[in-house]
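This report refers to the structure that appears directly beneath it.
Read-outs: derived from the displayed coordinates by stated rules, not from any lab. Not measured: the values here are computed from a predicted model. Positions of Cβ are backbone-derived with ideal geometry, glycine not excepted, and every protein chain shown enters the neighbour counts.
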Amino acid sequence: MTLARWSDSLALGVDVIDADHRRLFDAINRLHFLDNADENVPTLANALGDVLDYTRSHFQREEMLMRLAGYPGYAAHCALHRKATEQAAQWEARCLADPTSARVRIFAEALSDWLLAHVQKEDMKLKPYVQRLQEVQSSSPEAA
Ligand SMILES: [Fe+2]
Ligand SMILES: [Fe+2]
């Protein structure tokens, strides 16, 4: 499982989304720590459930930001979120039905790796659109 290292280059400049990403990175690292500490399966599964819940609510906030920013890749990006959510739900169901240590660990690793790659490759594409939105907002008469 890869450790999630936050750096300012990953900031989009929107506090709520950056806080979400930092929190997701922290949660991924907690999973990593629990896995390395050879924690019991229910503890790992609980931590995994927390990451999943937070990921779902984060997707909603990020999709709202994309709409506000008029991001042209909105539909494709939402499709990535939907696909990951569906796959995670299937894995979650499998883990709940048969919570073996190996299964929970594989799911934790797959989710962590997906989230890291998604933030680094896909979410970063929003940056110029978010910056433009902020420029427009700060130059509007109401902002003066
Ligand atoms: Fe994100
Ligand atoms: Fe995203």
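Given their separation in residues at 0.36 nm each and the Cα-Cα distance between them, Q90 and A75 gain 3.1 nm when the chain is fully extended.
Over the chain, what is the mean sequence separation of C-alpha contacts under 8 Å (at least six apart), divided by residue count, expressed as relative contact order in percent?
Details: 89 pairs, mean separation 52.5, N = 144.
Once normalised by length, the contact order is 36 percent.
In this simple spin-label approximation, V41 and T2 carry label points 7 Å from Cα along the Cα→Cβ vector, and these lie 2.8 nm apart. The three principal axes of the C-alpha atoms in the range 61-144 carry coordinate ranges of 58, 21, 18 Å, sorted with the longest axis first.
The residues neighbouring W114, those whose beta-carbon lies less than 11 Å from its own, together hold a net charge of -1 under the Lys/Arg +1, Asp/Glu -1 convention. Stokes-Einstein diffusion for the chain, with the hydrodynamic radius set to the Kirkwood value over Cα pairs and evaluated at 37 °C in a medium of 0.692 mPa s, equals 202 µm²/s. From helices alone, the chain scores -25500 deg cm²/dmol at 222 nm; the rule is -39500 (n - 2.57) for each run of n ≥ 4 DSSP H residues, then divide by the residue total. Provide the FRET efficiency to the nearest 0.05 for the R61-E142 pair, computing r from the beta carbons and using R0 = 25 Å. After rounding, the FRET efficiency stands at 0.65.
Grab the other residues whose beta carbon is less than 12 angstrom from that of N29, score K and R as +1, D and E as -1, and report the net. Computed value for this residue: +2. Using just the C-alpha positions of the range 18-81 as equal point scatterers, what log10 of I(q)/I(0) does the Debye formula give at each q in 0.16, 0.27 1/Å? The computed values of log10 I(q)/I(0) come out as -0.61, -1.09.
How tilted is helix 127-139 with respect to the longest principal axis of the chain? Cα atoms for both, answer in degrees (0 to 90, nearest 10). That helix lies at roughly 40 degrees to the long axis. Using a/c under 1.5 as the rounded threshold, could you call the range 2-53 rounded, prolate or oblate? The axes a ≥ b ≥ c are square roots of the C-alpha gyration tensor eigenvalues, and prolate needs a/b larger than b/c, oblate otherwise. Taking the square roots of the gyration eigenvalues as a ≥ b ≥ c, the range 2-53 is oblate.
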